[in-house]
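The values are calculated or read from the model by the stated rules, or taken from the named source; none is laboratory data. Predicted, not measured: the structure shown is a model, and the values here were computed from it. Note that we place each Cβ from the backbone using ideal geometry, even for glycine, and neighbour counts take in every protein chain shown.
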């Protein structure tokens, strides 16, 4: 009876050992499979993330390159436009300045030549007065002519200043015997302005309106 019980105990122990061994093998197998699956999943996830970063990086780099290229093209175009504009403005400004300089030179040089002519006339008459071989009658005539020249010079100066007060930039009056030429620095004149100029010149130089000739010289 005791032998039977002992054998049953041994069999029970062996059965428990086998069950334990089987359970351990099963757990170990599933544990290994779980680790393998997790590792594969993690590798797949990281691979996907890596690809996503790579694609994003390429897109960003390409976008940056495109932006930089567009900016360079825009900058170049703007530079060309600015350069062309500056060059165009420079040419226009140069031509305009040249034209303005030419007009200003005309008024300046013409006035100088006119004043020089009057100075030479007065100087010639003055030499007659200083010459002892000249008769008194001739000296009287010389004095009269000097007064006429000075009167004309003063009348011209007054008339030119009065015309400038009418908001004209510049004017020159040239007297040749009875004919009087008036040149105004302007592109055009209104009829009212012409009438004002004629009245001033006629009054100051004591000239007939028909002898007054008005012209313009401007850009």
In the set 122, 103, which member is in contact with a helix residue (DSSP H, G or I) (Cβ under 9 Å, 6 or more places away or on another chain) and either modelled with pLDDT of 95 or more or more than 21 Å from residue 204 (Cα to Cα) (or both)?
122
Selection from segment 150-169 of residues surrounded by 14 or more Cβ atoms within 10 Å (Cβ to Cβ) and at pLDDT below 95 yields 168
Anything in segment 176-204 that is more than 43 Å from the chain's Cα centre (by Cα), at pLDDT 95 or above and closer than 21 Å to residue 109 by Cβ? List them, or say none.
180
Checked segment 180-197 for anything within 20 Å of residue 151 (Cβ to Cβ) and surrounded by fewer than 17 Cβ atoms within 10 Å (Cβ to Cβ); matches are 181
Do we have any residue at all in segment 164-173 that's more than 41 Å from the chain's Cα centre (by Cα) and outside any loop (DSSP other than H, G, I, E, B)?
no
Would you mention how many residues in segment 165-187 are farther than 17 Å from residue 207 by Cβ and in contact with a strand residue (DSSP E or B) (Cβ under 6 Å, 6 or more places away or on another chain)?
2
Go through (1) under 25 Å from residue 109 (Cβ atoms); (2) more than 48 Å from the chain's Cα centre (by Cα); (3) surrounded by 11 or more Cβ atoms within 10 Å (Cβ to Cβ) for residue 134 and report which single condition fails.
(1)
